[in-house]
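*Asks:* After the structure tokens below, expect a handful of questions from me.
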């Protein structure tokens with residue numbers, strides 16, 4: 001049974017009122033906030049139908065109604081299909097002048113937590129099957145080399161390699177030419193056994209050195225470098241339905257420890273939806289079964305993408321959350337062109 005316009009308006013009023021007050025909503029309240037000009041008896045009949053359909057529930061006898069997960073889901077989907085609402089001006093957040101990506105990500109998480117009064121998270125940008133731009137092997141001393149691998153999106157990976165024999169500058173130059181000629185423009189999945197065999201064959205007497213370099217490159221490229229930054233964990237205590245839960249300590253731990261969040265983002269990174277809402281058990285994060293999680297994908301260019309998310313009660317202000325995330329996406333999407341000309345490293349690892 002599809003909801004007609006009257007039921008949709010009543011459901012919308014129930015959800016919006018509950019989001020604002022946190023209290024069950026009765027028919028008399030609905031009659032004050034809708035333009036349907038219906039009697040309380042008619043509204044009660046419509047509410048009964050909505051309850052039978054699973055969109056609202058009655059927490060206890062003689063109480064009003066509150067939204068079910070199904071009701072929240074309908075509200076969110078309906079909200080997201082409407083035309084984009086005017087995006088609020090986010091003062092004092094000029095992201096293009098921030099010099100370091102880590103600082104930007106922390107600012108985003110903190111600003112969102114302050115603006116929404118919910119817990120927030122944001123991940124570092126990553127790129128799957130990121131192609132190699134160039135490899136530079138340099139001598140640190142007689143016993144060590146430094147392999148610097150630059151990937152698409154100006155991601156820099158560093159690896160120190162211990163030598164088993166001394167190496168002169170001419171040999172280093174030849175190895176750099178050999179590695180770059182064979183590996184430039186290739187993603188890890190494209191480096192086949194044939195390419196590796198060819199490199200080792202051309203390396204001649206330095207095959208052992210090339211093998212160590214290849215292993216180091218493979219190790220640094222395939223490492224999972226997903227960093228998660230969170231803010232506003234204490235905002236959870238502002239909502240009784242979360243702060244009184246037996247799982248509140250586990251929820252705070254998940255926000256601080258971040259492992260579950262990283263796994264959640266990695267598992268859902270291939271979603272075609274740039275903004276996604278997870279209500280209750282939909283997120284598969286056990287400690288957040290009483291929460292809603294709303295995530296957005298930001299794109300820095302050249303395939304470098306990350307996730308920003310807001311975590312709060314099921315009765316969160318979805319409209320405000322979606323508006324904030326759309327603005328953050330717009331700000332983040334314009335960041336890459338502003339930062340790459342300044343030589344800013346998106347990610348750098350080393351030993």
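Read-outs: derived from the displayed coordinates by stated rules, not from any lab. Just so it is clear, the structure is predicted and the values come from calculations on it, not from any experiment. Glycine gets a Cβ as well: all are built from the backbone with ideal geometry, and neighbour counts include every protein chain shown.
*Asks:* Take residue 227 and residue 78, extend 7 Å from each Cα along the Cα→Cβ direction, and tell me the distance between the two endpoints in nm.
*Replies:* Once both label points are built, they end up 4.2 nm from each other.
*Asks:* Would you please give the FRET efficiency between residue 189 and residue 266, computed as 1/(1 + (r/R0)^6) with r the Cβ-Cβ distance and R0 = 22 Å, to the nearest 0.05?
*Replies:* 0.80
*Asks:* Here is a follow-up. Extension gain residue 62-residue 114, at 0.36 nm per residue separation less the Cα-Cα distance, in nm?
*Replies:* Contour length minus Cα-Cα distance gives 15.0 nm.
*Asks:* Right, next: Could you calculate the FRET efficiency of residue 181 with residue 274 from 1/(1 + (r/R0)^6), where r is the beta carbon distance between them and R0 is 35 Å, rounded to 0.05?
*Replies:* The formula returns an efficiency of 0.35 here.
*Asks:* Got a sec? How would 308, 210 order by Cβ neighbour count within 10 Å, fewest to most?
*Replies:* Ordered by Cβ neighbours within 10 Å, fewest first: 210, 308.
*Asks:* Give me the compactness ratio for the stretch 5-81, meaning the Cα radius of gyration over 2.2 N^0.38 Å.
*Replies:* The reported ratio for this selection is 0.98.
*Asks:* Here is a further query. Run the numbers for residue 200 and residue 69: contour at 0.36 nm per residue of separation, minus the present Cα-Cα distance, in nm.
*Replies:* Result: 41.3 nm gained on full extension.
*Asks:* Now, a different point. Once fully extended, how much extra length lies between residue 284 and residue 106, figured as 0.36 nm per residue of separation less the alpha-carbon to alpha-carbon distance?
*Replies:* 61.6 nm
*Asks:* Please label the shape of the stretch 132-222 as rounded, prolate or oblate, based on the square roots a ≥ b ≥ c of the eigenvalues of the alpha-carbon gyration tensor (a/c under 1.5 means rounded; beyond that, a/b larger than b/c means prolate, else oblate).
*Replies:* oblate
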